[in-house]
Amino acid sequence: MSPWPYRTIIEPFRIKAVEEIPFLTEDARRAALDRAGHNLFKLFAEEVTIDLLTDSGTGAMSADQWAALMLGDESYAGSRSFRRFEAVVHRLTGVKHVFPVHQGRAAERILARTVLGPGKVVLNNTHFDTTRANVEQSGALAIDLPVASARDPEDTSPFKGDMDLDALDRAFEEYGDRVALVMITMTNNAAGGQPVSMANLAAVSDRCHQRGVPMFLDAARFAENAWFIHAREPGFDSWSLPDIARRMFDMADGFTMSAKKDGIVHIGGILATRDPVWADKFRNELILGEGFPTYGGLAGRDLEAMAVGLEEALDEGYLRYRARSIAYFAEGIEKAGIPVVHPPGGHAVYLDAGRFLSHIPKSALPGQALACALYLEGGIRGVEVGSFMFPGARLELVRLAVPRRTYTQAHIDYTIEVAERVVARAKDLRGYRIVKEPPFLRHFSAELAPL
Ligand code: F0G
């Protein structure tokens, strides 16, 4: 496909079904936020105009996916839909033993309960929070080894999702046989949706295989990662996206995947391995908690939708548009006057609330202040990724995640305009304090009050 020669970013789809979005008065938004204890997770969907809380399970399915739902074979065992799904996953990844699960964390849980446990160590470029929780729940130690550039929002290096290879060598020395698994999260969500290079994947894979340690991918955003390799890594611009994706999977021994991202489905996930011994363990655990191996935690129709979505996600025109649209979004927010994490990631724009609201100390949660201001100003729902979500966090960020194929460029422009209005009254914004807090994962249910 030739490069897009026009200035205008256009959605590479037209719209066949529409869903109304709510518009509230400022008074109604203020009342909603009060009721929600100033925690955006507790808003009702009817109170949100543009929902950028997550890109997970919020994408729009294509006409082909909706049509595929009708082909779902709901047989308890031996479902035709499973074989169709399995064939797509084999073609895409080449990984032999494929298990459907209801979402990514179910794959993580099965992995953790079968091959991890007390004393073991998992090394990851950066664990996503559910991955870390599942590793730790098994009694194993979860260690993050991001490259140094990932820590600097100003650094424009192209592959800030990479794993630090020197740190990996040191961890292998320090933990020896305790290292049960190395994982590469691509794109690296917790580090700003930053991609992992093919060169880094190859180097990590080599080191793992020299030591006989399996390497798994957390492949939730495998297609966006493949796009960045195509666009940014020397030597790959002439490669097709399915070939790049296949090369990424070829270096791994297996993977977990939340298909709610690049599978473009509302529910679904995958656990896969090349190892027949691990496959037996996974199968037994799957039956215990998810379901029979030919449906996992899903209906046959979900498997059909996933089979179609996994291939659509690698469409070059779609990925070019998505990357360009998110870069445009980041440029707009920055031009409006709110610093962002560079370079823009694959699924979201991360706003640097710590720098933007430098008059609000970390203890008063500047990220939450910005997230609430975006809601009050224009009904935009993002999520704080800072001291509220992760006590002790280094950066105070707000993530505006972009659901796949759901919003148009006009929705992006509107969000940028709302950001401009927030900038105009930045000096008046105040911090928050937590008034009620659960024992863990507090950001989901805590209540706050403005200072
Ligand atoms: N791995 C990564 C990199 C993720 O981003 C997520 C979910 C998961 C695993 C877990 O998958 O939700 O299907 O169980 N991320 C969502 C987000 C929730 O908003 O970033 P799941």
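The values are calculated or read from the model by the stated rules, or taken from the named source; none is laboratory data. For clarity, every value in this text was computed on a predicted model and none was experimentally measured. Counting neighbours? That spans all protein chains shown, and the Cβs are built from the backbone with ideal geometry, glycine included. The accessibility values were calculated without ligands, DNA or RNA, using every heavy atom of the protein model including side chains. Shrake-Rupley method; radii C 1.70, N 1.55, O 1.52, S 1.80 Å.
Send over a whole-number figure in Å² for the accessible area per residue of the chain, probe 1.4 Å.
On a per-residue basis, 42 Å².
Treating the beta-carbon of each Lys and Arg as +1 and of each Asp and Glu as -1, no other charges, what is the dipole magnitude of region 63-312 about its Cα centre, to the nearest 20 debye?
It comes to approximately 660 debye.
Rounded to the nearest 20 Debye, what is the dipole magnitude of the chain about its Cα centre when Lys and Arg each give +1 and Asp and Glu each give -1 at the C-beta?
The calculation lands at about 400 debye.
In the neighborhood of residue 28, defined by Cβ-to-Cβ distances under 13 Å, what is the net charge if each Lys or Arg adds +1 and each Asp or Glu adds -1?
Net of charged neighbours comes to -2.
For the chain, what is the calculated [θ] at 222 nm in deg cm²/dmol (nearest 500), taking -39500 (n - 2.57) for each run of four or more DSSP H residues and dividing by its residue count?
-12500 deg cm²/dmol
Over the chain, what percent of the accessible surface lies on carbon and sulfur atoms, probe 1.4 Å?
53
FRET efficiency for residue 445 and residue 358, Cβ-Cβ distance as r, R0 = 30 Å, nearest 0.05?
Efficiency, from the Cβ-Cβ distance: 0.55.
Going from most exposed to least, what order do 415, 58 have by accessible area with a 1.4 Å probe? Write down the numbers at each step before the final one.
Numbers: 415 5, 58 50 Å².
Order by accessible area, largest first: 58, 415.
Would you list 375, 6, 295 from the most to the least accessible area, probe 1.4 Å?
Accessible-area ranking of 375, 6, 295, largest first: 6, 295, 375.
Can you list the residues of region 331-363 with backbone N under 20 Å from a point 7 Å past the Cα of residue 199, pointing along Cα to Cβ?
343-344
Among residues other than residue 163 whose Cβ falls under 13 Å from its Cβ, what is the net charge (Lys/Arg +1, Asp/Glu -1)?
Numbers: positive: 160, 170, 207; negative: 144, 162, 164, 166, 169, 206, 218.
With Lys, Arg at +1 and Asp, Glu at -1, the net is -4.
Of the options 212, 171, 240, report the single residue whose Cα projects farthest towards the positive end of the charge dipole of region 63-312 (beta-carbon charges: Lys, Arg +1; Asp, Glu -1).
So the residue we want is 212.
Please report the spacing between the Cα centers of region 327-356 and region 378-418 in Å, no decimals.
Region 327-356 and region 378-418 have Cα centres separated by 9 Å.
Collect residues whose amide H, placed 1.01 Å from N in the peptide plane, falls under 5 Å from the amide H of residue 121; neighbours closer than 5 in sequence don't count.
Amide H neighbours of residue 121, under 5 Å, 5+ apart: 141, 179, 180, 181.
Any idea which of 67, 188, 296 is furthest toward the positive side of the dipole for region 63-312, if Lys and Arg beta-carbons carry +1 and Asp and Glu beta-carbons -1?
Of the candidates, 296 comes out farthest on the positive side.
Hey, which of these cross-link pairs are over 26 Å Cα-Cα: 160/436; 42/260; 16/335?
From 160/436; 42/260; 16/335, over 26 Å: 160/436; 16/335.
Filter the trypsin sites (Lys or Arg not before Pro) in region 173-263 to those in DSSP coil with at most 12 other Cβ atoms within 10 Å of their Cβ, and list the result.
Filter output for region 173-263: empty list.
So what's the net charge close to residue 117: Lys and Arg +1, Asp and Glu -1, counting the other residues with Cβ under 15 Å from its Cβ?
Combined, the nearby Lys, Arg, Asp and Glu give +1.
Express in nm, to one decimal, how much length is gained between residue 41 and residue 75 on full extension, taking 0.36 nm for each residue of separation and deducting their alpha carbon distance.
8.6 nm
Quick check: the angle from helix 366-378's long axis to the longest principal axis of the chain, C-alpha only, nearest 10 degrees?
70
Heavy atoms of the protein only, probe of 1.4 Å, neighbouring chains included. What is the accessible area of residue 423 in Å², nearest 10?
Accessible area, nearest 10 Å²: 40 Å².
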